[in-house]
Amino acid sequence: MAIKKSGGLGRGLGSILPDIADLEPVAKKGNEAVNMVQVGLIDPNPFQPRKEFSDSDLEELAQSIKQQGVITPVTLRQMPDGRYQLVAGERRLRASKLAGLKEIPAYVRTATDIQMMEMALVENIQRSDLNAIEVAQAYRQLIEECRLTQDQLSERVGKDRSTISNYLRLLGLPAETQEALASGRISMAHARVLAGVDDIERHKEILQAIEERHISVHQTEEMAKQAKPVPKVQPKRRDRLQSTVEIKRSQRGKGTLTICFNSDSDFERIIALLEK
């Protein structure tokens, strides 16, 4: 028997993923699909997109739980061995353990791996609990695991397709830049500009300027424009050397000078001319 939609699946979860809101309850107590489950029987969600949890926030939530209890039940799925796997509500579960609770109120549902992944992702996104890299990784995981297009994912999580694309582009950033974004040292707007800077040395310079000088997004864009590749100079025949010389020079003044030769004797001839 399918249960009626309620607000217990997490803010915005039922409205964005209505098919998940209709999941069949495994067990029922009274008129509600809520059970008290021992915290020792609950295993983490392997699809949890959130990697970082603030110790101070967890401690604050634990103090609240000590006084008022767990107001919003977590969501679990029952496993064949009798244990439970967390679907949504990891902060509440961790804080409950800190508060010393032995049991926690929970919705117990049947759910596939894909549904678990979707619920964990949407709950965290709706509550702004993920950093930009975690969101991007979760989007990529949904696309790969569920075989979704970006348009389908856009409909699934209630975000514009352009938003999805911008997040996915972040995963192409160097590891150092991704870490700076994940830790909040640079903003997503800065990161989006850096995603267009392919020259790795220039990329590092701009990243350093953002972190150390706290330059604005507009200033970052101006620095990025200066990093655009300079058109290659076409090779030219140098009469004095009687050989083709290729010059490549960046806007910053660095470059390379290449002199072509056809044989060992030609090489020795050019060396002799240069020595003069």
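Asp266: in contact with a strand residue (DSSP E or B) (Cβ under 8 Å, 6 or more places away or on another chain) and modelled with pLDDT under 85, yes or no? Taking the combined requirement at face value, the residue satisfies it. Filtering the range 50-68 to residues that are touching a residue at least 12 places away in the same chain (Cβ under 8 Å), assigned to a loop (DSSP other than H, G, I, E, B) and either surrounded by 11 or more Cβ atoms within 10 Å (Cβ to Cβ) or small (Gly, Ala, Ser) (or both) leaves Arg50, Lys51, Phe53.
Can you tell me which residues in the range 69-96 are surrounded by 13 or more Cβ atoms within 10 Å (Cβ to Cβ) and among the β-branched types (Val, Ile, Thr)? Let's see the steps before the verdict.
Within the range 69-96, the subset surrounded by 13 or more Cβ atoms within 10 Å (Cβ to Cβ) is 70, 72-78, 83-96.
Passing the criteria: Val70, Thr72, Val74, Thr75, Val87.
Against the test of being among the hydrophobic types (A, V, I, L, M, F, W, C), out of contact with any helix residue (DSSP H, G or I) (no Cβ under 8 Å at 6 or more places or on another chain) and not assigned by TED's automatic domain parsing to the domain that holds Ile71, the options Ile164, Ile200, Ile186 yield a single qualifying residue, Ile200. Evaluation of Gly184 against the conditions (1) free of Cβ contacts under 8 Å to residues at least 40 places away in the same chain; (2) on the phi > 0 side of the Ramachandran plot shows that the sole unmet condition is (1).
Note on the range 100-115: residues that are in contact with a Cys (Cβ under 7 Å, 6 or more places away or on another chain) and acidic (Asp, Glu) total 0.
Among the residues of the range 33-58, the ones that are farther than 17 Å from Asp113 by Cα and at pLDDT 90 or above come to 6 in all.
The values are calculated or read from the model by the stated rules, or taken from the named source; none is laboratory data. Predicted model only: the values in this text are computed from it and were never measured. Heads up, the Cβs are rebuilt from the backbone with ideal geometry, glycines too, and the neighbour counts pull from every protein chain shown.
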